[in-house]
Each structure stands twice: as structure tokens, then as C-alpha cells.
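Asker: I'd like to ask you about the structure that follows.
The values are calculated or read from the model by the stated rules, or taken from the named source; none is laboratory data. What you are looking at is a predicted structure, and each value in this text was computed from that prediction instead of being measured. Cβ placement follows ideal geometry from the backbone for every residue including glycine, while neighbour counts extend to all protein chains displayed. For accessibility, only protein heavy atoms count, side chains too; no ligands or nucleic acids. Shrake-Rupley method; radii C 1.70, N 1.55, O 1.52, S 1.80 Å.
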Amino acid sequence: MLTLIIGFDPKTSTAISKCMITGAAGATVYYNLKLRHPTLDLPIIDYDLALLLQPMLLLGISIGVVLNTLFADWMVTVLLIVLFIVTSTKSFFKGVETWKKETIIKKEVSRRLTSRNAGAEDATYKLLPGGPTNGVRVRIEGYKTPEVSIVENVYWKDFTIILTVWVILLLLHLFKNYTPTCSTAYWILNLLQVPVAVGASAYEAVCLYKGTRMVMSSGEAVLTWKVHQLILYCCCGILAGIVGGLLGLGGGFILGPLFLELGIPPQVSSATATFVMIFSSSMSAIQYYLLKRFPVPYALYFVAVATVAALVGQHVVRKIISIVGRASVIIFVLAFTIFISALTLGGFGIADTIRRIKEGQYMGFDNICAYSP
């Protein structure tokens with residue numbers, strides 16, 4: 001929309017988009033920090049998944065920002081269109097699958113009501129997916145997500161580790177800003193991000209592999225994590241970061257469907273992805289600011305709008321889910337939004353590329369070492 005409606009070029013739109021995502025994610029995370037899991041006695045944010053993926057996401061963000069500097073505008077546009085089409089299609093089919101499962105459960109509840117003339121406790125709708133809870137208490141409250149104190153609801157040890165990784169990487173970027181581009185110190189500061197991010201994710205991965213920590217949000221504790229699974233999820237985190245830094249997305253386009261594939265309920269998936277995004281998007285927004293890639297007054301205005309919209313959206317979506325009784329509505333909204341973006345951006349992007357070719361503009365890669373903010 002920044003490209004199509006406001007008229008910014010794709011790279012400036014990417015930078016301002018990151019600022020907007022930071023504002024929206026911040027408002028949403030503040031809202032979610034007080035919420036509990038829809039059916040289990042857990043926070044709605046899965047801190048184990050966040051700790052596994054957030055450091056790798058931040059590492060990917062740094063790579064993506066560099067690639068954004070290298071890539072031409074038309075390359076960024078083409079990558080956006082391809083990603084939008086693939087992600088929207090996958091999310092749509094996941095939404096259909098979830099809708100069918102919810103319909104089956106609703107019919108089963110209705111049948112029990114009719115046959116037993118049962119009370120409300122027999123007709124309670126359980127959030128998908130169900131299954132063994134491995135000692136985690138289950139609340140039978142349908143789609144009501146109770147609020148508690150933030151102090152009681154946050155896993156402070158995990159939160160502190162995540163925040164520490166963010167601060168360390170931020171300091172590296174600040175120091176890098178005062179070194180000549182492509183100098184030895186510049187590349188050393190870039191490479192120092194690798195041990196910090198990999199070390200934090202490796203700590204969580206080892207704990208999951210040994211079983212000292214568990215991902216419980218799906219209702220079924222994953223007790224036997226395999227090495228290749230952990231490596232795959234970490235790679236997905238890096239990929240989400242690269243895509244986010246390069247294309248100005250929040251990373252939730254990849255993490256959301258990934259969490260759904262793990263059997264995480266849509267509300268928990270959305271809350272956890274947004275929690276991770278607040279760190280990644282703020283990091284990339286700061287990097288773009290240091291590169292002077294966007295006009296600050298415009299960014300501040302759009303951040304304010306996005307923050308208010310996110311707060312309103314949280315209340316509206318929560319009301320819709322409680323009325324409809326289906327969490328799959330979140331998946332369909334996501335798929336529809338991404339698909340419309342692909343269509344509109346595709347049409348205007350192709351027209352703009354043809355115009356640039358006719359004008360004889362340079363369409364190749366840029367030189368990062370020659371870039372000056």
C-alpha cells in the first residue's frame with residue numbers, strides 16, 4: 001500500500017513498513033502479554049518457540065537488510081509477489097483444513113447435546129488441536145482467553161535471554177555504523193552476530209533435544225525432538241529474517257504457517273509470531289534508520305496509525321472469534337490479505353518495471369561498498 005497508494009519506491013516502502021510493523025507488533029504484544037492460552041494453563045505466547053527462533057530471525061534480518069541494499073527495485077517487487085502467492089495459497093488450504101475440523105467438532109457437540117440433553121459443560125467447544133496434555137492443566141472455556149497480570153504471565157528467564165540477544169546485536173549495529181563500509185572492522189562486527197544468535201538458539205535447541213524444555217502449546221508436548229527438525233526450524237527462522245529484512249515483512253508470513261504446521265492453535269501461533277516480530281522488526285527499523293532509508297516524519301505518522309489499528313484489531317478479531325466460534329477466521333484473513341497484496345502489487349510492479357526499461361534505467365545489482373547513507 002505504501003508503494004501503490006502513497007507512491008514510495010519499493011525500498012523506502014520496505015523501510016517504512018518495518019517501522020509500522022514495529023508499532024503494530026508492540027501494541028499487539030502488550031495486549032497479548034496479559035492473555036492466557038485458550039485451553040491450557042499456559043501463557044498465550046510460547047516462549048520456548050520464541051527463544052528457539054528469535055535469535056536466528058535477528059541474524060536473518062541483518063542479512064536481509066544488506067540484500068535490500070544490493071537488490072534493484074524490480075527484484076524486490078518480484079520476490080514480494082512470489083512470496084505472497086505461495087504463502088497465501090498455503091495459508092488458505094490450512095484454513096480450510098482447520099475449518100473442516102472445527103465443523104466436525106461442532107457437529108459432535110451438537111449431537112451430544114441432542115442425545116444427552118447435557119448441560120453447558122458437555123457442549124463446550126474445545127480449541128483445535130486436542131490431545132494429551134502431559135500434565136498441563138486444561139481449561140474448558142471455549143474461546144475465552146482470560147487476562148492475568150503481566151508479572152505473573154511472562155516467563156522472565158526466557159524473556160531476559162531474548163532481550164539480551166536483541167541488545168547485543170543492536171550494539172553491534174551501532175558500532176558498525178561508525179566504521180567505514182566494507183572495512184575490516186565493518187565485517188568483523190557483522191560476523192560477531194553469528195556466534196551470539198547461534199549460541200542463544202543452540203541453547204534452546206539442546207534443551208528441547210534433551211527434554212529439559214518442552215513446547216506445550218499444541219496440547220501435546222513434543223518430547224522427542226530430532227536434530228534435523230531443530231536445524232530445519234532454525235533455518236526457517238533465518239529465512240524469515242532474510243525475507244523480513246529484504247522485503248519489509250514481519251516474518252510472521254513464514255513463522256505463522258510454520259507454527260500452524262506444528263499444531264499450535266491459531267491464537268497462540270499469531271501471538272508468538274508477533275512477539276518474535278517485535279524484536280526483529282525493531283532491529284531492522286533501527287538499521288534502516290542508520291542507513292537513512294526513510295523520511296522520519298512519515299515513518300512516525302504511519303507508526304502511530306499502525307499502533308492504534310493494531311489495538312483496535314485485537315479487540316475486533318477477539319470478538320469475531322467468540323461470536324463465530326472458529327479460530328480459523330484468523331487464517332482466512334491472513335490468506336486473503338496476502339493474496340490481494342500479490343495481485344495489486346503484481347499489476348503495478350510490472351507496469352513500473354516496463355516504464356524503467358523504456359527509460360533505460362540501470363536494472364542490475366547495486367554496490368554495497370559504494371553505498372553512502
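Asker: Go through segment 304-368 and name the chymotrypsin sites (Phe, Trp or Tyr not before Pro) that are in a DSSP coil and have 15 or fewer other Cβ atoms within 10 Å of their Cβ.
Answerer: Details: sites: PHE332, PHE336, PHE339, PHE348, TYR362, PHE365; in loops: TYR362, PHE365.
The qualifying sites are TYR362, PHE365.
Asker: Estimate the FRET efficiency between THR179 and ILE105 by the formula 1/(1 + (r/R0)^6), using the beta-carbon distance for r and 56 Å for R0, to the nearest 0.05. Don't jump to the answer; show the numbers that get you there.
Answerer: Details: r = 58 Å, r/R0 = 1.03.
After rounding, the FRET efficiency stands at 0.45.
Asker: Sort largest first and round to whole Å: the equivalent ellipsoid semi-axes of segment 231-373, each the square root of five times a Cα gyration tensor eigenvalue.
Answerer: On the way: eigenvalues 198, 72, 65 Å².
Calculated on Cα positions only, the semi-axes equal 31, 19, 18 Å.
Asker: How large, in Å, is segment 171-244 by the Kirkwood hydrodynamic radius built from its alpha-carbon pairs?
Answerer: 14.6
Asker: State, as an integer percentage, the relative contact order of the chain based on alpha-carbon contacts under 8 Å between residues 6 or more apart.
Answerer: So the answer I get is 40 percent.
Asker: Hey, if you drop one equal point scatterer on each alpha-carbon of segment 1-96 and run the Debye formula without solvent, what base-10 log of I(q)/I(0) do you get at q = 0.22 Å⁻¹?
Answerer: Computed log10 I(q)/I(0) values: -1.29.
Asker: Using the heavy atoms of the protein chains alone and a 1.4 angstrom probe, what is the accessible area of the chain per residue in square angstrom? Provide the component values of the computation, followed by the final result.
Answerer: Values: 17830 Å² over 373 residues.
Counting only protein heavy atoms, the per-residue value for the chain is 48 Å².
Asker: Lone cysteines in the chain, going by a 4.7 Å Cβ-Cβ cut-off?
Answerer: That list is CYS19, CYS207, CYS234, CYS235, CYS236.
Asker: Just tell me, in residue order, which DSSP H segments of the chain are both 20 angstrom or longer along the helix axis (alpha-carbon based) and at least 0.0 in mean Kyte-Doolittle hydropathy.
Answerer: Numbers: long enough: 10-32 (31 Å, 0.18); 47-70 (34 Å, 1.65); 73-116 (63 Å, 0.19); 156-177 (31 Å, 1.32); 193-210 (26 Å, 0.78); 227-247 (30 Å, 1.93); 266-290 (35 Å, 0.74); 296-324 (40 Å, 1.56); 328-358 (45 Å, 1.50).
Helices meeting the span and hydropathy rule in the chain are 10-32, 47-70, 73-116, 156-177, 193-210, 227-247, 266-290, 296-324, 328-358.
Asker: Turning to a different aspect of this structure: Residues with beta-carbon under 14 Å from that of ALA50, excluding ALA50: net charge, scoring Lys, Arg +1 and Asp, Glu -1?
Answerer: -2
Asker: Right, something else. To one decimal place, what Kirkwood hydrodynamic radius in Å is obtained for the chain from all pairs of distinct Cα atoms? Numbers along the way, then the final one.
Answerer: On the way: mean 1/r = 0.0459 Å⁻¹.
By the Kirkwood definition, the hydrodynamic radius is 21.8 Å.
Asker: Of all the accessible heavy-atom surface of the chain, with the other protein chains kept in place and a 1.4 Å probe, what percent is carbon and sulfur?
Answerer: 70
Asker: If you place +1 on the Cβ of every Lys and Arg, -1 on the Cβ of every Asp and Glu, and leave all else neutral, what size is the dipole of the chain about its Cα centre, to the nearest 20 Debye?
Answerer: Charge dipole, the chain, about its Cα centre: 600 debye, nearest 20.
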